[in-house]
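J.: Attaching a single structure in structure tokens format; questions to follow.
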Amino acid sequence: MSPQVSFVGAGPGAADLITIRGARLLRHADVVVYAGSLVDRELVRRYAATADVYDSAGMTLDEVLSVVMEAVSAGKSVVRLHTGDPSIYGAIQEQMEALDRLGVAYRVVPGVTSAFAAAAALKQELTLPEVSQSVIFTRMEGRTPVPERERLSRIAGIGATLVIYLSVGMIDRVVEELLAGAYTPETAAAVVCRASWEDELIIEGTLADIAAKVREAGIDRQALIIVGDVLAARREGLKARSLLYDDAFSHGFRGSAIG
């Protein structure tokens, strides 16, 4: 039998960026518990019009689990709808741990995380040859602590492309930490607020001016910070091109045109 409980990634915001599988599970759900502070209610209306819907924004973990278990006991199917992809700052591990303890089967359906919606909004590849081949998802320490080895100033020493979640309200501290690493005031930076929503807002600049631009725009939540030299490629041009489509480069699906 299929699990009665499904953790589903809702995607970054736009109602049509949920996966086909996630939308199908919503359509067949009897009960939906969704993160109302982050997930568009229109998505729930569109795909789960007949379900009993609970907004978890004002609920505790115990209250969420109580709703889920009551539905499971009644033989109903449940979708726990999380913003973006549930594996990225989704706070689902404690929910799954509780269901494991209670002997309730569940599945996890991935979603489009806001990092990729932000990159799409910027029309920007996050990995470029000879610039950066690594992308790091991280955050500043706030009420949720960060391990000492993962402090932003330490991660900044790598010089990779950074996608910084849950930190735009501390943008000045973010810039200070980044400048203590491999980045300079001239390093390109962007902030994408509510990526893929109708009121999406993009701020572009450098570490020298991005904080001031963000404050001027009044952005203090629901935004990602992206930092790295890849962001300068559109302005400065590519340092190198991918070998994937180079006519002198052969691979298992194409022989070299030269030789």
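J.: Determine whether residue 13 is crowded, with 16+ Cβ neighbours inside 10 Å and part of a loop (DSSP other than H, G, I, E, B). If you could, list the steps in order and put the result at the bottom.
T.: Values: crowded, with 16+ Cβ neighbours inside 10 Å: yes; part of a loop (DSSP other than H, G, I, E, B): yes.
In short, yes.
J.: Condition first: assigned to a loop (DSSP other than H, G, I, E, B) and open to solvent by less than 70 Å² (accessible area, probe 1.4 Å). Now tell me which residues in segment 145-179 satisfy that.
T.: To start, the set of residues in segment 145-179 that are assigned to a loop (DSSP other than H, G, I, E, B) comprises 145-147, 151, 156-160, 166-167.
Listed by number, the residues that qualify are 146, 147, 156, 157, 159, 160, 167.
J.: Restricting attention to segment 89-124, and to residues there that are part of a loop (DSSP other than H, G, I, E, B) and β-branched (Val, Ile, Thr), which single residue is farthest from residue 235 (Cα to Cα)?
T.: Per the stated criteria, the residue is 104.
J.: Still on this structure, please answer the following. Give all pairs with beta carbons closer than 9 Å in which a residue from segment 51-64 that is assigned by the TED database to the domain that holds residue 77 meets a residue that is of a type in the set (Asp, Glu); count only pairs at least 6 apart in sequence or on separate chains.
T.: 51/30; 52/30; 54/63; 56/63; 61/94
J.: When only residues in segment 211-221 that are within 19 Å of residue 117 (Cβ to Cβ) and modelled with pLDDT of 95 or more count, which is surrounded by the fewest Cβ atoms within 10 Å (Cβ to Cβ)? Talk me through it step by step, then tell me what you get.
T.: Initial filter on segment 211-221 (within 19 Å of residue 117 (Cβ to Cβ)): 214, 217, 219, 221.
Checking which are modelled with pLDDT of 95 or more leaves us with 214, 217, 219.
Details: 214: 24, 217: 14, 219: 19.
Among residues in segment 211-221 that are within 19 Å of residue 117 (Cβ to Cβ) and modelled with pLDDT of 95 or more, the one surrounded by the fewest Cβ atoms within 10 Å (Cβ to Cβ) is 217.
J.: Let me ask another. Say whether the condition of being open to solvent by less than 70 Å² (accessible area, probe 1.4 Å), assigned to a loop (DSSP other than H, G, I, E, B) and modelled with pLDDT of 95 or more is met by at least one residue in segment 240-252.
T.: No: zero hits.
J.: For segment 24-41, which positions are in a helix (DSSP H, G or I), open to solvent by 10 Å² or more (accessible area, probe 1.4 Å) and either aliphatic (A, V, I, L, M) or under 26 Å from residue 166 (Cβ atoms) (or both)?
T.: Residues satisfying the conditions are 25, 41.
J.: Please name all residue pairs, on different chains or six or more residues apart, with Cβ atoms under 9 Å, provided the first residue is in segment 111-123 and is in the same structural domain as residue 225 (by the TED database) and of a type in the set (Lys, Arg) and the second residue is in a helix (DSSP H, G or I) and open to solvent by 20 Å² or more (accessible area, probe 1.4 Å).
T.: Qualifying pairs under 9 Å: 123/234.
J.: Something else now. Can you tell me which residue in segment 70-88 is surrounded by the fewest Cβ atoms within 10 Å (Cβ to Cβ), limited to those that are assigned to a helix (DSSP H, G or I) and either touching a Leu at 6+ places or on another chain (Cβ under 7 Å) or not aliphatic (A, V, I, L, M) (or both)?
T.: Among those that are assigned to a helix (DSSP H, G or I) and either touching a Leu at 6+ places or on another chain (Cβ under 7 Å) or not aliphatic (A, V, I, L, M) (or both), it is 73.
The values are calculated or read from the model by the stated rules, or taken from the named source; none is laboratory data. In this text the structure is predicted, and so the values were computed from the model without any measurement. No Cβ is skipped: glycine too gets one built from the backbone with ideal geometry, and neighbour counts run over all protein chains shown. We work out accessible area using only protein heavy atoms, side chains counted, and drop any ligands, DNA or RNA first. Shrake-Rupley method; radii C 1.70, N 1.55, O 1.52, S 1.80 Å.
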